[in-house]
Amino acid sequence: MLDEATILERLSRAVMDGDEDAATQAANDAVGAGMDPQRAIMEGLAAGMAEMGRLYEEGECYVPELMVSSEALYAGLAILRPLVVQSASGAIDRGVAVIGAVQGDIHDIGKNLVKMMLEVSGLAVHDLGRDVEMDAFIDECMKVKADLLCLSALMTTTIIAIKDYLPVFKAKLPGTKIMIGGAPLNQRLADEWGADGYGENAMEAARVAIRLLEG
Amino acid sequence: MWCETMSSAERMGALMRGERPDRVPVIPFIFGHTALVCGQPLARAFDDAEESFRCQVLAAEMYGYDGGPLYAYASAGGWEFGGDVEFPAKKYSGATVVTRTPIQNEDDVYTLPVPEDITKAGALPIALGLARKQAEHGMPVTLQIGSPLTWAGSVIGEERMMVWLIKKPELVHIVLDKVSQFLIKVAEHYTKEFGAEKLMAFHGAATESNMLISPKQFETFVLPYLQRINSRVLDLGVTSFFIHICGEQNKNLKFWQQVPVTRQTVMSFGREVELATAMEMFPEQIIAGNVDPTIIQESRAEEVLRQAKECIEVAKYHKGGYILMAGCDVPPQAPPVNVFQMVKAAREFGRY
């Protein structure tokens, strides 16, 4: 039987290589070896994704590499995640997040990467997609009792929606922390507009999210 | 009191000839905004050649900036190859967006036709309508010829294409080849209808940003197609280019240097590329940029004026010439007084 360290290394390597088949195989081996699925996710798949995130932040890899890594990650998660709720250790439960690209914005690559990083960080994420109207965010946050709301806008022309949404969300969703992100945005605008957090990229967004929820 | 001694046409003409105009020219990069300041719905800038031209001319006259009308949009490609688009009619919409890409799966790549008649493809009827107005008024005739990867992203779907760059690179190359064929046909048509000497060929390069792809991917998937298209356009006799190098592209600049262009080429940069860097990399070409569009939307007029002054101070005496411009498309709802600060800065700090 394969030892756990080897399986974790294979899970991590499969994600870094963007190899869905290898991730599936390693995840099945983790199940076969009786590993704690949550450990396999966090110390195997998520560790590989975290390393890819580090490489992205250092300019050693780019969005295409992150995206194929995320495909491998989700291939492994498809096998391991259903087992987590049945395991003795239970899942890391860091909270519930709602995410979407605001009305008028149809770009969702960055939003999808943030979603993935939040998921591997232990949040349950409800993805509303793109071109999302204000009321849809409010309804979903109330429905799922969201701890965190993440708003994305990529275009200089659509960030205005975030500015308009924020005071409404602050009034209607007092228990929900709100983060914003997207290429034209920055920390200064996040502060001026009253967002609780800002992430320059998906990796930073996940770190800020955890800090907001644990702070 | 200092007075302008050139009209906008004379100022741009001098710049293109390599002569020094009376002051730094201004092209504010406010395509959609021009419709709103004329009291028209934003969509008119994109869906109506006559109205788009009229609004751009009136806005230039009101603000006193120097760039003439043009027709281009960032998500071009999807509609032209058979997909669907939506003009910006909803609140917060800023530009035309692709709502259904022509390619949905791998098989579609092989069967994707290159439109036979470019005059009927997607936005080309509108673009040609505006081009005819430009020609009627003796203005430079602009045509959008790329950039090819940004077009391919609209044909394939950006997210799908990002994955294919790694997993199915041969499919991306097939689409890039078809897009290049189409763009060359567009250039050939414009040359035949208007004459090469009247044309200014435009590339909007957004997907090429290093926020998305690596410099190596740029070298593999972008550079060969830019070289192919521009070489053909140069062969046709076109002598003027306008290239918007959007966003973070510092690591791509050495490859942009390898794209064939003329001295009469405007290279515009986003906030992420320092003007000083652009000047060093492209000493012979006209540099344009790079006031932050978010500042123009969100800050007070004094801050816009300060940043525009900074840009002028850095690039005013660039050997190839300099145009004060926003770093990317200004949000349509930007306060008009903020847009005007670019013209004010050019008049106050950009005098030669």
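The values are calculated or read from the model by the stated rules, or taken from the named source; none is laboratory data. Computed from a predicted model, the values in this text were never measured in an experiment. Virtual Cβ from ideal backbone geometry, glycine too; neighbours counted across all protein chains shown. For accessibility, only protein heavy atoms count, side chains too; no ligands or nucleic acids. Shrake-Rupley method; radii C 1.70, N 1.55, O 1.52, S 1.80 Å.
In table form, for the structure just shown:
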quantity: Cα-Cα pairs of the range A:4-84 separated by more than 22 Å (percent); calculated: 16 percent
quantity: A versus B: buried accessible surface, summed, Å² (probe 1.4 Å, to nearest 100); calculated: 2800 Å²
quantity: Exceeding the 21 Å Cα-Cα cut-off - candidates A:Lys111/A:Lys163; B:Lys185/B:Lys251; B:Lys254/B:Lys319; A:Lys143/A:Lys172; B:Lys216/B:Lys251; B:Lys178/B:Lys254; calculated: B:Lys185/B:Lys251; B:Lys178/B:Lys254
quantity: Dipole magnitude of chain A about its Cα centre (Cβ charges: Lys, Arg +1; Asp, Glu -1), debye to nearest 20; calculated: 720 debye
quantity: Cα-based equivalent ellipsoid of the range B:32-288: semi-axis lengths in Å, sorted from largest, via gyration tensor; calculated: 26, 22, 19
quantity: Within the range A:95-214, percent of DSSP bridges classed antiparallel, to nearest 5; calculated: 0 percent
quantity: Assigned charges on the beta-carbon of Lys, Arg, Asp, Glu; the protein assembly as shown dipole about Cα centre (debye); calculated: 1480 debye
quantity: Solvent-accessible heavy-atom area per residue, rounded to whole Å², over chain B at 1.4 Å; calculated: 37 Å²
quantity: Antiparallel DSSP beta bridges within chain B, percent to nearest 5; calculated: 15 percent
quantity: Cα coordinate range in the range B:28-146, projected on the principal axes (Å, largest first); calculated: 51, 34, 19
quantity: Whole-percent carbon and sulfur share, accessible surface of the protein assembly as shown, 1.4 Å; calculated: 52 percent
quantity: Positions from the range A:47-78 whose accessible area shrinks by 50 Å² or more when the full protein complex is built, not the chain alone, probe 1.4 Å; calculated: A:Tyr62, A:Pro64, A:Met67, A:Val68
quantity: Options A:Ala72, A:Tyr62, A:Pro37, ranked by Cα towards positive dipole end of the range A:4-84, top entry (Cβ charges); calculated: A:Pro37
quantity: Residue order for A:Asp147, A:Asp139 - accessible surface, 1.4 angstrom probe, largest first; calculated: A:Asp139, A:Asp147
quantity: Convex hull per residue volume in Å³, alpha carbons only, for the range A:95-214; calculated: 81 Å³
quantity: Cα centre as origin, Lys/Arg/Asp/Glu Cβ charges: the range B:32-288 dipole, Debye; calculated: 120 debye
quantity: Point-to-point label distance, B:Ala276-B:Asp107, nm (Cα→Cβ direction, 7 Å offset); calculated: 5.7 nm
quantity: Accessible area (Å², per residue) of the range A:4-84, counting only protein heavy atoms and a probe of 1.4 Å; calculated: 38 Å²
quantity: Relative contact order (percent, whole number), chain B, Cα cutoff 8 Å, 6+ residue spacing; calculated: 19 percent
quantity: Partnerless cysteines, meaning none of the other Cys C-beta atoms lie under 4.7 Å away, in chain B; calculated: B:Cys3, B:Cys246, B:Cys311, B:Cys328
quantity: Rounded to 5, the percent of DSSP beta bridges in the protein assembly as shown classed as antiparallel; calculated: 10 percent
quantity: Hypothetical label at B:Leu236: residues of the range B:119-153 whose amide nitrogen lies under 15 Å (7 Å Cα-Cβ projection); calculated: B:119-121, B:124-125, B:127-129, B:131-132, B:141-148
quantity: Chain A: radius of gyration over Cα atoms, expressed as a fraction of 2.2 N^0.38 Å; calculated: 1.04
quantity: Rounded accessible area per residue of the range A:95-214, 1.4 Å, Å²; calculated: 37 Å²
quantity: The range B:94-148: equivalent-ellipsoid semi-axes (sqrt of 5 x gyration tensor eigenvalues, Cα, Å); calculated: 29, 13, 10
quantity: In order through the range A:178-188: 3J(HN,Hα) via Karplus (6.51 cos²θ - 1.76 cosθ + 1.60), integer Hz, x for Gly, Pro; calculated: 10, 10, 10, x, x, 3, x, 8, 7, 4, 4
quantity: Coordinate range along principal axes, alpha carbons of the protein assembly as shown, Å, largest first; calculated: 81, 51, 40
